[in-house]
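Asker: Take this structure, written in structure tokens, and hold onto it; I'll ask about it next.
The values are calculated or read from the model by the stated rules, or taken from the named source; none is laboratory data. Fair warning: this is a prediction, and the values are worked out from it, not measured in the lab. Note: ideal-geometry Cβ built from the backbone for every residue, glycine included; neighbour counts use all protein chains shown. Side chains are part of the model used for accessible areas, which takes the heavy atoms of the whole protein and leaves out ligands, DNA and RNA. Shrake-Rupley method; radii C 1.70, N 1.55, O 1.52, S 1.80 Å.
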Amino acid sequence: MSLLIKGGTIVTADATFRGDVYCEDGTIKAVGDCANAPADAEIIDACGQYVMPGGIDPHTHMQLPFMGTVASEDFFTGTAAGFAGGNTTIIDFVIPDPQQNLMEAYRNWRGWAQKAAGDYSFHVAVTWWDDSVREDMGTLVREEGVNSFKHFMAYKNAIMATDETMYHSFQRARELGAIVTVHAENGELVYQLQQELLKKGINGPEGHPLSRPPAAEGEAAHRAIKFAEVVGVPIYVVHTSTIDALDVIALARNNGQQVYGEVLAGHLLVDDSVYQSKDWAFAAAHVMSPPFRAKEHQAALWKGLMGGTLQTTATDHCCFCAPQKDAGRGDFSKIPNGTGGIEDRMAVLWTHGVNTGRLTPQEFVAVTSTNTAKIFNIHPRKGAIAPGADADLVVWDPSATRTISARTHHQSVDFSIFEGMEVTGGPSHTVAHGKIVFAKGELRAVKGAGRYIKRPAHNPMFARTAKAQRL
Ligand code: URQ
Ligand code: ZN
Ligand code: ZN
């Protein structure tokens, strides 16, 4: 099975040059002048288009059991929808219930993900602590290729990790050469504010952002970063949504601490006015945590992405349809939290990032693919266009136009936070593991074709020591 992508402009995180890409058996074999490629190779004419590494979304929740229901997008439909947007790999999450054996939860998620059309990997959440968790973290790193452990500082009485759990888990992650990640919202503060608002009779979706002020994110981000500084473990802050969190990430990075930041395409473009809608279902459809913020936070997040304080973009693709969101009618704290976007992230970022001049095409590649691959230790297998890399590529037509709509998207959800947005730039072809999985609007996803991607622990050279971070 060989494929020749001819005549495109290759864009990596480091370089832009005219050239061909020749792939065989799912791997890139040659880059540059591939005139001597086999005559029977399948050909994609990439003239006038960019050839970039396939997108890697570091933050999805396919078919997540959450808040009494299950996310409507599963591993097959979600990875397939990603193909339609140029995304070829996801890093999803194993989220054990408190007191649930980590390996049992991990096996459950591995089973669910068998149906994936595209490649996938897992962060594993540490939601509780005892010696078995410590043990299982070692097994996950050493035998299962997990090198990142998630901590939800929000969701009290559910999956929230206490400071004690966070401390033990951070220590263990450092021992294992793993990185820690956090959902940084102070769960106690959110819980108290939720109770207070409900008592005052504020029970609609407008209460959601009121219960999760920027300060709740700033405090948690600061606390988690300080824990990581003392322990000496690299930390990655997921879905950074506020100036408050951005400032603490920037300060820590300027102090030489190994801190990474992620931003969602949604938080860059959707603001908190959505929660003021008189249409309950419209407002509820936007309930995700952290909530969409006031415009000044978006401007700061763009600057954070452009300036390197934030290194990756994601979607937090966690879909719930209107009947599921209805569970929160009368009590906003019961609206299942989550929104979609895996199909739109790259086109949205190209339109509002590259086409506006905020990001160069090379920076676009860095923040949609390569940086994630480097931070989570799957580069240059992923996020690269070089011989030996997986043949995960997107042939990007900068002139393609589309109006985003739930009526036409491939995602299994009845809503789009980008509804009506006109985007310019999109995949004419997506190639995953050397196969054309999306071609000129036709999706060719195959259920079960996706592979579990192991992510080895970083070598000791990756993580700065605690001492080095306190110099
Ligand atoms: O918090 C998360 O990242 C998961 C539970 C998805 N939901 C959300 O609102 N972000
Ligand atoms: Zn989260
Ligand atoms: Zn999430």
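Asker: Cβ-Cβ below 9 Å, separation at least six or inter-chain, first residue in segment 166-189 and free of Cβ contacts under 8 Å to residues at least 40 places away in the same chain and more than 16 Å from ligand 2 (Cβ to nearest atom), second assigned to a helix (DSSP H, G or I) and not hydroxyl-bearing (S, T, Y): which pairs?
Answerer: H168/V133; H168/R134; R172/V133; R172/R134; R172/M137; R172/G138; E175/M137; E175/G138
Asker: Starting from residues that are in contact with a Pro (Cβ under 7 Å, 6 or more places away or on another chain) and either open to solvent by 10 Å² or more (accessible area, probe 1.4 Å) or part of a loop (DSSP other than H, G, I, E, B) (or both), keep the ones in segment 327-337 and report whichever is nearest to ligand 3 (Cβ to nearest atom).
Answerer: Across segment 327-337, the extreme among qualifying residues is I335.
Asker: If you don't mind, another one. Being within 25 Å of the chain's Cα centre (by Cα), farther than 21 Å from V94 by Cα and among the acidic types (D, E) is the requirement here; does E219 meet it?
Answerer: Taking the combined requirement at face value, the residue satisfies it.
Asker: Moving on to the next point. Could you tell me whether any residue of segment 367-378 is within 16 Å of ligand 1 (Cβ to nearest atom), assigned to a helix (DSSP H, G or I), modelled with pLDDT of 95 or more and basic (K, R)?
Answerer: No, there is no match, as no residue in segment 367-378 is within 16 Å of ligand 1 (Cβ to nearest atom), assigned to a helix (DSSP H, G or I), modelled with pLDDT of 95 or more and basic (K, R).
Asker: Which pairs turn up if I take residues in segment 16-35 that are open to solvent by 30 Å² or more (accessible area, probe 1.4 Å) and look for partners that are of a type in the set (S, T, N, Q) and assigned to a strand (DSSP E or B) with beta carbon separation below 7 Å, at least 6 apart in sequence or on another chain?
Answerer: Matching pairs, first to second residue: T16/T9; R18/T9; E24/S2.
Asker: Still on this structure, I have one more. Just give me the residues in segment 116-155 being surrounded by fewer than 18 Cβ atoms within 10 Å (Cβ to Cβ) and either of a type in the set (S, T, N, Q) or farther than 23 Å from P456 by Cα (or both), in sequence order.
Answerer: D130, S132, T139
Asker: Also, I was wondering about something else. Considering each of A105, A80, A71 in turn, give the residue that is among the aliphatic types (A, V, I, L, M) and surrounded by fewer than 22 Cβ atoms within 10 Å (Cβ to Cβ).
Answerer: That would be A105, the only listed residue that is among the aliphatic types (A, V, I, L, M) and surrounded by fewer than 22 Cβ atoms within 10 Å (Cβ to Cβ).
Asker: Another question, then. Hey, G340 hits all of (1) open to solvent by 30 Å² or more (accessible area, probe 1.4 Å); (2) within 16 Å of ligand 3 (Cβ to nearest atom) but one; which does it fall short on?
Answerer: Tallying (1) open to solvent by 30 Å² or more (accessible area, probe 1.4 Å); (2) within 16 Å of ligand 3 (Cβ to nearest atom), G340 fails exactly one: (1).
Asker: Here is a further query. Which is out of contact with any strand residue (DSSP E or B) (no Cβ under 7 Å at 6 or more places or on another chain), buried (at least 16 other Cβ atoms within 10 Å of the Cβ) and of a type outside the set (D, E), of A39, A46, A13?
Answerer: After ruling out the rest, the residue left standing is A13.
Asker: Are there any pairs with C-beta distances below 8 angstrom linking a residue in segment 289-301 that is touching a residue at least 24 places away in the same chain (Cβ under 8 Å) to a residue that is crowded, with 24+ Cβ neighbours inside 10 Å and of a type in the set (G, A, S), with the two at least 6 apart or on different chains, and if so which?
Answerer: These pairs meet every condition: S289/A154; P290/S241; P291/S241; F292/S241; F292/G266; R293/S241; H297/S241; L301/S241.
Asker: For segment 422-458, enumerate the residues that are open to solvent by 40 Å² or more (accessible area, probe 1.4 Å) and either of a type in the set (A, V, I, L, M) or not in a loop (DSSP other than H, G, I, E, B) (or both).
Answerer: Hits for segment 422-458 are E422, T424, K435, E442, L443, V446, A449.
Asker: Next question, about the same structure. Tell me, please, whether a residue that is of a type in the set (A, V, I, L, M, F, W, C) and either open to solvent by 20 Å² or more (accessible area, probe 1.4 Å) or touching a Cys at 6+ places or on another chain (Cβ under 6 Å) (or both) can be found in segment 50-62.
Answerer: Looking through segment 50-62, none of the residues is of a type in the set (A, V, I, L, M, F, W, C) and either open to solvent by 20 Å² or more (accessible area, probe 1.4 Å) or touching a Cys at 6+ places or on another chain (Cβ under 6 Å) (or both).
Asker: Same structure, new question: Here is a check on your reading of the model: is V146 closer than 25 Å to A220 by Cβ, among the β-branched types (V, I, T), more than 16 Å from ligand 3 (Cβ to nearest atom) and touching a helix residue (DSSP H, G or I) at 6+ places or on another chain (Cβ under 6 Å)?
Answerer: Considered against the rule, which asks whether it is closer than 25 Å to A220 by Cβ, among the β-branched types (V, I, T), more than 16 Å from ligand 3 (Cβ to nearest atom) and touching a helix residue (DSSP H, G or I) at 6+ places or on another chain (Cβ under 6 Å), V146 comes out as yes.
Asker: Would you be able to say whether some residue in segment 90-97 is within 16 Å of T368 (Cβ to Cβ) and either open to solvent by 10 Å² or more (accessible area, probe 1.4 Å) or touching a Pro at 6+ places or on another chain (Cβ under 6 Å) (or both)?
Answerer: So far as segment 90-97 goes, yes, one or more of its residues are within 16 Å of T368 (Cβ to Cβ) and either open to solvent by 10 Å² or more (accessible area, probe 1.4 Å) or touching a Pro at 6+ places or on another chain (Cβ under 6 Å) (or both).
Asker: Of all residues in segment 85-114 being modelled with pLDDT of 95 or more and part of a loop (DSSP other than H, G, I, E, B), which is nearest to ligand 2 (Cβ to nearest atom)?
Answerer: I95
Asker: Can you pull out the strands (runs of 3 or more DSSP E) entirely within segment 213-326 that have at least 1 residues that are away from ligand 2 (no atom under 16 Å from the Cβ), surrounded by 21 or more Cβ atoms within 10 Å (Cβ to Cβ) and hydrophobic (A, V, I, L, M, F, W, C)?
Answerer: 259-264
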